[in-house]
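Engineer: One structure, as structure tokens, below. Some questions next.
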Amino acid sequence: MLEQRSLIGPKDFTLEELDELFKLTEQIEHDKDFLRESCRGKLLATLFFEPSTRTRLSFEAAMLRLGGSCLGFAEPASSSAAKGESLADTIRVVSAYADLIVMRNPKEGAALLAKRYSQVPVINAGDGGHHHPTQTLTDLVTIKQLVGRFNGIKVGFCGDLKFGRTVHSLTEALARYPDVELFFISPDELGVPSYITNELKVSNIQYTETDRLEKVIGELDVLYMTRVQRERFLNEGEYLRLKDSYILTAEKMKGAKERMIILHPLPRVNEIDIELDADPRAAYFKQAEYGMYVRMALIACTLGAFKPSVL
Ligand code: NCD
């Protein structure tokens, strides 16, 4: 039962629950009016303490398409956080106004804290460089629809794997499926954190760390490109030195499988050459579209507007 449940980390839902959620997402993709009006009278609060385009707008579009309404803020400067209000106080108050809270915050652990003080479910839309579980739902749905399976797939993550929260969440989520193999492609300074690799070792997931994309691209079913996360660097010089570490071009794609898909949580800066947008393997805009469908499914299940058998 996802009803009235918060979503803070990538493993909060069981694999069976994810499966049901993805089935519902597919149903919504094929019939966008399937759950129309199912959330009429419900309120979604979107509290964004950090910039966002897709995550906030796809949540709001999802709620509006379900017949519900949205309120909130897109930047902390327009909220009482600017006056020094604590997150706990903000959440106590907003959770009395809304039926569901979606929050993005620059501090790792903020979503977990919000859940503690909220009377309504909280969905983590990104907590600093930690996790981003609804991007993971988006990524998994895209892989399921375009690759057709999770078991045994080979996924490469390329770019800023240290600060990229979408990488952390998707890695943990994929590690729950059998025979998945992971490739981490980054400069040494931006490698995946050791708490993640330690978990992979414990789960017996095979992984490779390298700084050479060309070396492994031919093995992959999915290549997950990421932006170097400028806002998390303590030193601008270090960012400037590393920002162009990987730029995916048509030339580099010659080494990839014909059916490999390219994912990217977006926004893209320059890590995927725009000439690749026309390549049938470029799936990042489709991925952003799935983001809205899966968030519709998530909201409907969380608010009890849809009750699949397992959920
Ligand atoms: C990502 C994020 O906010 O972590 N964006 C998103 O939600 N799609 C990726 C990023 O900002 O690089």
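Every number in this text was worked out from the coordinates using simple rules, so none of it is lab data. No experiment lies behind these values; they were computed from the predicted model shown. In this analysis, Cβ positions are derived from the backbone assuming ideal geometry, glycine residues included, and neighbour counts consider all displayed protein chains.
Engineer: Counting only C-alpha contacts under 8 Å and six or more residues apart, can you give the relative contact order of the chain as a whole percent? Each step should come with its number before you reach the end.
Structural biologist: Values: 597 pairs, mean separation 68.3, N = 311.
After rounding, I find 22 percent.
Engineer: Still on this structure, I have one more. Could you tell me how many degrees, from 0 to 90 and to the nearest 10, lie between the Cα long axis of helix 133-146 and the main elongation axis, the longest principal axis, of the Cα atoms of the chain?
Structural biologist: That works out to roughly 60 degrees.
Engineer: If each residue's Cβ is checked for other Cβ atoms within 10 Å, how do H264, H130, H30 rank with the fewest at the top? Working shown, then result.
Structural biologist: Numbers: H264 24, H130 21, H30 9.
With the fewest neighbours first, H264, H130, H30 line up as H30, H130, H264.
Engineer: Something else: Please work out how much length the chain gains when fully extended from A278 to V147, using 0.36 nm per residue of separation minus the C-alpha to C-alpha distance, in nm with one decimal.
Structural biologist: Working: separation 131, 0.36 × 131 = 47.16 nm, distance 1.87 nm.
Full-extension gain reported as 45.3 nm.
Engineer: From zero outward in steps of 10 Å, how is the percent of C-alpha pairs of region 255-302 spread across the bins?
Structural biologist: The distribution over region 255-302 is 23, 44, 23, 10, 0, given as percents.
Engineer: Using 0.36 nm per residue, how much length does the chain from N204 to K257 gain when fully extended, once their Cα-Cα distance is taken away? It would help to have the intermediate numbers written out before the result.
Structural biologist: Numbers: separation 53, 0.36 × 53 = 19.08 nm, distance 2.58 nm.
Contour length minus Cα-Cα distance gives 16.5 nm.
Engineer: Measuring from a point 7 Å past the Cα of R230 along Cα-to-C-beta, which residues in region 249-272 have an amide N at less than 19 Å?
Structural biologist: 265-272
Engineer: Still on this structure, I have one more. Hey, fewest Cβ within 10 Å first, where do F306, F157, F34 land in order?
Structural biologist: Details: F306 23, F157 27, F34 18.
Fewest-to-most Cβ neighbours within 10 Å comes out as F34, F306, F157.
Engineer: Projected area of the chain, taken from the Cα convex hull and averaged over every viewing direction, in nm²? Numbers along the way, then the final one.
Structural biologist: Working: hull surface 61.9 nm².
If I average the Cα hull's projected area over directions, I get 15.5 nm².
Engineer: Okay, next question. What are the principal axis extents of the Cα atoms in region 133-288, in Å, biggest first?
Structural biologist: Result, largest extent first: 41, 39, 30 Å.
Engineer: Is any residue of region 122-155 close enough, with backbone N under 20 Å, to a label point placed 7 angstrom from the Cα of D19 along the Cα-Cβ axis, and if so, which?
Structural biologist: Flagged as within label range: 137-153.
Engineer: Taking the alpha-carbon centroid of each part, what is the distance from region 223-298 to region 169-216 in angstrom?
Structural biologist: Region 223-298 and region 169-216 have Cα centres separated by 17 Å.
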